[in-house]
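Notes follow once the structure below has been shown.
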Amino acid sequence: MIFVTVGTQLPFPRLVREMNRIAGGLCEPVIAQTCEHARYPNLIVEPYMDAIRYGDVIERARLIVAHAGIGTVLAARQVGVPLILVPRRAELGEHRNDHQIGTVRQLVGRDGIQAIWDERKLARTVMNDHPPPPAIVSGPELDGLVTTLRSYIG
Amino acid sequence: MRSQRILAVASKGGHWRQLNAMAGAFDGHKLHFACTDPELAQYHIGECSRSEWWRGVIVACQVLRIMAVVRPHVVVSTGALPGLVAIIVARLLGARTIWIDSIANTEAMSLSGRLSRPFANHWLTQWPEVSARTGATYAGAVL
């Protein structure tokens, strides 16, 4: 199963439309959390998901195609599911600024994270093999942050 | 180590996940969570945003009530605007405050983050570049 998710704040029709088109040629189910009530015939649409449902779908997904939201990235990495990130662009009215582009620039190249800058290239990328990355719940960056916070609490 | 009462505040979504990812830092203390999603945490606070900033007044009242119940020594937030409200109220009431700007802000502190500076005892970014540019502390990141 492929999971498409755009977060809880704003719809992202550029991504969902393209995934709807791609899903027409796939024989595996594509579940999409869309943040909008539009119909997409090739997708199993759930506009909003509660946290339990969201975690459940993330865990069972083979591949996640998502906006570059940190909640999605953290959730996917904690269970070791590969991610294709499509950043929202402010010029298209997809977010109030371009911070998702910065997020993708910083995260691309990490294990299990791929970036799509042009949605026309999404189909080919989705068809590729996506070996699951190791599940990551800690690392030197997180350890450093935790140690410092602990010293603040005293 | 003396056990402290800690109130951890975040909006649902990425802010909430980041707060939880770093929650190991608070092991051994009495930890209370507040979130804008009533299903996720023990305490609920409302939403507010730049366009609906006046809702911050409601959030401030909610935070005051939670502060009265929890009486935290430390209040920590990863944002967004409701978290800023919590940091301001907490600091004015004399709690120690920690702001950790979202890792989504790779080039500059968020608006809430910038506004939190005078109210945060500890003011952190999750990117070294932002630290160099703003003077925020960089100690690591959730990713």
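The values are calculated or read from the model by the stated rules, or taken from the named source; none is laboratory data. In this text, all values refer to a predicted model and were calculated from it rather than measured experimentally. Every residue, glycine among them, receives a Cβ derived from its backbone with ideal geometry; neighbour counts consider all protein chains shown.
Brief remarks follow.
- Given (1) of a type outside the set (A, V, I, L, M, F, W, C); (2) at pLDDT 95 or above; (3) not in a helix (DSSP H, G or I), number of the condition B:Gly56 does not satisfy: (3)
- Entirely in the stretch A:1-99, the helices (runs of 4 or more DSSP H) that have 2 or more residues that are of a type in the set (D, E, K, R): A:13-23, A:51-60
- Residue under evaluation A:Arg88, criteria (1) surrounded by fewer than 21 Cβ atoms within 10 Å (Cβ to Cβ); (2) under 23 Å from B:Met109 (Cα atoms), criterion not met: (1)
- Qualifying positions in the stretch B:4-16 - within 10 Å of chain A (Cβ to nearest Cβ) and in contact (Cβ under 8 Å) with a residue 24 or more places away in the chain: B:Gln4, B:Ile6, B:Ser11, B:Lys12, B:Gly14, B:His15, B:Trp16
- Within the stretch A:134-154, the set of residues being assigned to a loop (DSSP other than H, G, I, E, B) and surrounded by fewer than 17 Cβ atoms within 10 Å (Cβ to Cβ) comprises A:Pro134, A:Ala135, A:Val137, A:Ser138, A:Gly139, A:Gly154.
- The residues of the stretch B:75-94 that are in a loop (DSSP other than H, G, I, E, B) and buried (at least 22 other Cβ atoms within 10 Å of the Cβ), listed by number, are B:Thr78, B:Gly79, B:Ala80.
- Any hit, the stretch B:122-129, residues being at the interface with another protein chain (Cβ under 9 Å from one of its Cβ atoms), in a loop (DSSP other than H, G, I, E, B) and more than 22 Å from A:Gly154 (Cα to Cα): yes
- Only a single criterion out of (1) touching a Gly at 6+ places or on another chain (Cβ under 6 Å); (2) more than 9 Å from chain A (Cβ to nearest Cβ); (3) not β-branched (Val, Ile, Thr) is not satisfied by B:Ser102, namely (2).
- Among the residues of the stretch A:37-62, those identified as buried (at least 19 other Cβ atoms within 10 Å of the Cβ), away from chain B (no Cβ under 14 Å) and touching a helix residue (DSSP H, G or I) at 6+ places or on another chain (Cβ under 7 Å) are A:Tyr40, A:Leu43.
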